[in-house]
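See structure below.
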Amino acid sequence: MPRMSAEERRESVVRAATAEFARGGYHGTSTEAIARRVGVSQPYLFRLFPSKKAIFLAVAERCVEDTIRTFEEASEGLRGEEALHAMADAYTKVIAERPERLMMQMQMYVAVASAEQEGDREFGESVRAGWMRLWDTVRLVLGADVDGTTQFLACGMLINCLVAMGFPPGHRVWEGLYPSARPKGHLKA
């Protein structure tokens, strides 16, 4: 079997770290657990990434980029209301099928708040830059409608919270959301 390149190893670290950080958060996840999941030593892990923070920020970046790609692919060729419903449907499907993506998003926000309370603004700057790319993507698809963008993303955050708390599809808490934003199947969060 051919050896993996450093870039392939970095990718495997991002995938493994996503699962670990999604479950344990920044402070509750050890680099040892990440290295073990990837099948490398901690020293090798730190040759790929200079620090735990760098790993977390790479995972956060990937999480945001995956969400942006989900929205772009779902809304391709659509605008306005059609795009909104397509993006909402695609997002609820992704977080049902890949709950670690939802949990990683939630962990990103906790990590930013925690780091900034400790005086570290780097987490926040990086995550906010990703959030702005997400905002701009949605805003462009919705025809530069700031109010629609705000409502869509606010609805998405509500969906994140409801799914993370384990409200099942069909529960009355989902009734106020437009149908394309309601979960369709069994949620795993």
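The values are calculated or read from the model by the stated rules, or taken from the named source; none is laboratory data. Since we're looking at a predicted model, the values are computed, not measured. Every residue, glycine among them, receives a Cβ derived from its backbone with ideal geometry; neighbour counts consider all protein chains shown. Remember, those area values only see protein heavy atoms, side chains included, never the ligands or the DNA or RNA. Shrake-Rupley method; radii C 1.70, N 1.55, O 1.52, S 1.80 Å.
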Exercise for review: Under 1.5 on a/c is rounded, so check that first for the stretch 126-174, then, if it is not, pick prolate when a/b is larger than b/c and oblate when it is not; a ≥ b ≥ c are the square roots of the alpha carbon gyration tensor eigenvalues.
Suggested key: oblate
Practice item. Could you tell me the distance between the Cα centroids of the stretch 25-63 and the stretch 84-107, to the nearest Å? Key: 23
Check your understanding: For the stretch 1-49, what ratio Rg/Rh do Cα atoms give with a Kirkwood hydrodynamic radius?
Key -> 0.98
Study note, to complete from the structure: In Å², rounded to a whole number, the accessible area per residue of the chain with probe 1.4 Å is 54
Check your understanding: So, with a 1.4 angstrom probe, what is the percent of accessible area on the chain that is carbon and sulfur?
Key -> 54
Point to revise | Crossing angle, helix 80-97 versus the chain [Cα axis fit, 0-90 degrees, rounded to tens] | key: 40
**Study point:** the stretch 1-129 - Kirkwood radius from inverse mean 1/r over Cα pairs (Å)
**Key:** 15.8
**Study point:** Relative packing of 170-176, 124-130, 137-143, which averages over residues the other C-beta atoms within 10 Å, highest first
**Key:** 137-143, 124-130, 170-176
Point to revise | Qualifying lysines (Cα of each under 29 Å from Cα of Lys184; at least 8 residues distant if same chain) | key: Lys93
**Study point:** Relative contact order of the stretch 65-187, defined on C-alpha pairs under 8 angstrom at six or more residues apart (%)
**Key:** 34
Exercise for review: Quick one: angle between helix 52-75 and the longest Cα principal axis of the chain, in degrees between 0 and 90, rounded to 10, please.
Suggested key: 30
Point to revise | Computed over the stretch 1-118: relative contact order in percent, which uses C-alpha pairs under 8 Å that are six or more apart | key: 32
